[in-house]
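One structure below.
The values are calculated or read from the model by the stated rules, or taken from the named source; none is laboratory data. Remember, it's a predicted structure, so these values are computed and weren't measured experimentally. No Cβ is skipped: glycine too gets one built from the backbone with ideal geometry, and neighbour counts run over all protein chains shown. Just the protein is used for accessible areas: all its heavy atoms, side chains included, with ligands, DNA and RNA removed. Shrake-Rupley method; radii C 1.70, N 1.55, O 1.52, S 1.80 Å.
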Amino acid sequence: FVITNLVWSVPSGASWIGAAASANVPGGIGDGARRFTYVARTQFNLVAGDQLTYSFQCTFDNYWLGLFINGTRVGTTVCGTDNTFSLASQFTVGPSSFAAGLNTIEYRWQGDGITDAIVIRSNAATLAPRDPGMPGVVPEPSTYALMATGMAGLFGLSRRRRQNV
């Protein structure tokens, strides 16, 4: 996905993800027919117990198919209005949408082969690490010394009893 000459100006802080004319996406069609389906995808891993919250804004060119988290469609009106390229209100995907292990976020849209794109501004991605619990207890050196002294005393006592028998 590459666009070198943008037709519209991208809002501040946003990124353009789109398709230029190529062998698979001919330019110059522009008749509104939805011939091409696009998917912009990112994948990442979460450790068990970690919770991710993702906030963003987006808009698109042509026809919006949706935002998909791990293959499930989330929200139907996540992006702004087609062809206006003004970003929609902030949309937040809560931690219940993500799972331990591999996660996938996909933006899907259809286009007619001319500057088909999505514009995304990621507002925040907040990771709340899992609670590791209480740290393990590590004995102090003096505890080891006291334990060794006690063991030596018990060994000496048992040796003395054997000699007295």
Wholly inside the stretch 64-165, strands (runs of 3 or more DSSP E) that include 3 or more residues that are modelled with pLDDT under 80 are 116-128
Do any residues in the stretch 117-131 that are closer than 17 Å to GLY13 by Cβ and open to solvent by less than 60 Å² (accessible area, probe 1.4 Å) have Cβ atoms under 6 Å from those of residues that are modelled with pLDDT under 80 and of a type in the set (Gly, Ala, Ser), where the two are at least six apart or on different chains, and which pairs are they? ALA117/GLY18
Could you tell me how many of the residues in the stretch 34-63 are touching a helix residue (DSSP H, G or I) at 6+ places or on another chain (Cβ under 9 Å) and either of a type in the set (Gly, Ala, Ser) or in a strand (DSSP E or B) (or both)? 4
